[in-house]
Amino acid sequence: MPTALPTSRALSWRELWRLLFLRVRIEAVAARMKRLPASDTRTCRAGCRFLSLSREFYELTGEPEPEDVAAMRETFERPFPDGSTLLSRYVERS
């Protein structure tokens with residue numbers, strides 16, 4: 001039975017180092033978010049940082065974001081009554 005394999009893409013050493021760095025940062029930020037209470041502003045800032053690192057990581061790899069990251073992004077991009085979002089409130093301050 002044939003399977004569709006993703007096309008292989010050659011990455012430069014610089015891109016590989018960046019991917020490794022991003023993966024380590026993503027894991028560190030995810031661990032920090034687990035330690036902080038959900039209502040804490042530091043958690044919101046860490047969540048915004050996690051989403052920006054994840055976006056860069058998945059753009060470099062060319063893979064789609066996992067469902068849980070996409071759901072988190074949707075939550076952070078949901079507008080409040082005044083039109084702002086969690087991303088717009090905390091990204092520029094991080």
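The values are calculated or read from the model by the stated rules, or taken from the named source; none is laboratory data. Quantities reported herein were computed from a predicted structural model and do not represent experimental measurements. Reconstructed Cβ throughout: ideal geometry from the backbone, glycine too, with neighbour counts over all protein chains shown. Quick note on the areas: whole protein, heavy atoms, side chains included, nothing else; ligands and nucleic acids left out. Shrake-Rupley method; radii C 1.70, N 1.55, O 1.52, S 1.80 Å.
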remark   = Over the range 11-26, the set of residues exposed (fewer than 12 other Cβ atoms within 10 Å of the Cβ) and in a helix (DSSP H, G or I) is 13, 14, 16, 17, 20, 24
inquiry  = Exactly one of these conditions fails for residue 6: (1) at pLDDT 85 or above; (2) surrounded by fewer than 17 Cβ atoms within 10 Å (Cβ to Cβ); (3) not hydroxyl-bearing (Ser, Thr, Tyr). Give me its number.
reply    = (1)
request  = Among what's in the range 65-91 and is part of a loop (DSSP other than H, G, I, E, B) and within 14 Å of the chain's Cα centre (by Cα), pick the residue that is modelled with the lowest pLDDT.
outcome  = 91
query = On the given criteria, is residue 32 open to solvent by 50 Å² or more (accessible area, probe 1.4 Å), modelled with pLDDT under 90 and of a type in the set (D, E, K, R)?
reply = yes
